[in-house]
Amino acid sequence: TLIKAGSLHKANGGFLVVRMEELLKHPAAWEGLLRALRSGIARIEDTAEESVRTKGLAPEPLHIDIKVILIGGEDIFETLLLADERFGKLFKVKAHLAEVMPRNAAGIKVYLNRIREIIEETELLPFDREAMAGIVDFGSLLCEDQRKLSLKFPLVREMMIEASALAGMAGCDRVDLAALKKARQARIFRANLY
């Protein structure tokens with residue numbers, strides 16, 4: 001009854017997303033992941049030291065069908081590729097995700113669709129046209145380039161939630177540019193506190 005499923009067991013049949021920095025801090029976890037991916041079997045292992053282990057009942061290993069996505073920088077990828085031959089065999093696809101997109105008509109359309117999704121997902125007050133334009137400007141401000149839009153949507157989402165809350169507290173039925181500016185000024189004020 002004290003056996004707990006690990007990340008591999010919980011993600012079996014789906015995807016496991018792991019940050020490389022965290023995984024490499026625990027060499028036993030890295031070795032266990034590589035072993036499980038090579039064999040297609042996940043074993044529930046005792047994390048205690050070898051000298052402390054006692055012989056007892058062991059759970060039966062589980063067959064795994066999983067896709068593992070490792071998130072990390074270019075330097076970690078290159079280091080592992082050179083240092084561990086198993087890495088290149090098990091992780092064959094390398095992808096680079098952009099943090100910005102062009103600020104053109106097509107980009108703004110995609111951005112506004114994502115903003116609409118955020119409003120629906122988090123059940124925010126509706127945003128008027130000026131507030132939507134203000135969010136697009138905020139996206140450019142985040143990447144410090146007027147020709148680009150930031151894809152760091154968690155930061156955009158936080159700003160939208162705060163603007164919606166401020167508009168709601170003011171008794172408004174929609175978020176306007178004034179509420180958005182007030183939310184941004186409040187964030188700047190809090191960031192500048194000691």
Straight distance only, please: which lysines reach the Cα of K89 with their own Cα at less than 25 Å, same-chain residues fewer than 8 apart left out?
K10, K25, K67
Over the chain, the sum of -39500 (n - 2.57) across DSSP H runs of at least four, divided by residue number and rounded to 500 deg cm²/dmol, gives at 222 nm -16000 deg cm²/dmol
Any idea of the accessible area per residue across region 39-194, 1.4 Å probe, to the nearest Å²?
72 Å²
What's the angle, to the nearest 10 degrees (0 to 90), between helix 74-83's Cα axis and the longest principal axis of the chain?
10 degrees
Take the alpha carbon gyration tensor of region 105-193, find the square roots of its eigenvalues, order them as a ≥ b ≥ c, and report rounded if a/c is under 1.5; if not, report prolate when a/b exceeds b/c, else oblate.
oblate
Roughly how many Å² of H63 are accessible to a 1.4 Å probe, to the nearest 10?
140 Å²
For region 66-124, convex hull volume per residue from C-alpha positions, Å³
137 Å³
Determine the share of the chain's accessible area contributed by carbon and sulfur atoms, expressed in whole percent, with a 1.4 angstrom probe.
56 percent
Given [x] 51; [y] 62; [z] 43, the label whose value is percent of Cα pairs over 23 Å apart derived from this model:
[y]
Residue-ordered couplings for region 25-42, obtained by feeding phi - 60° into the Karplus form 6.51 cos²θ - 1.76 cosθ + 1.60 and rounding to whole Hz (Gly and Pro as x), are 6, 10, x, 5, 5, 4, 5, x, 5, 4, 4, 5, 5, 5, 8, x, 10, 10
Taking amide hydrogens as modeled 1.01 Å from N in the peptide plane, which residues meet the under 5 Å criterion relative to I71, leaving out close sequence neighbours?
V18, R19, M20
Per-residue counts of other Cβ atoms within 10 Å, averaged by peptide: what ranking do you get for 13-19, 122-128, highest first?
122-128, 13-19
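The values are calculated or read from the model by the stated rules, or taken from the named source; none is laboratory data. Everything numeric in this text was worked out from a predicted model, so none of it was measured. Here Cβ is always computed from backbone atoms with ideal geometry, including for glycine, and neighbour counts include all displayed protein chains. The protein model used for the area step is the full one, side chains on, heavy atoms only, and it has no ligands, DNA or RNA in it. Shrake-Rupley method; radii C 1.70, N 1.55, O 1.52, S 1.80 Å.
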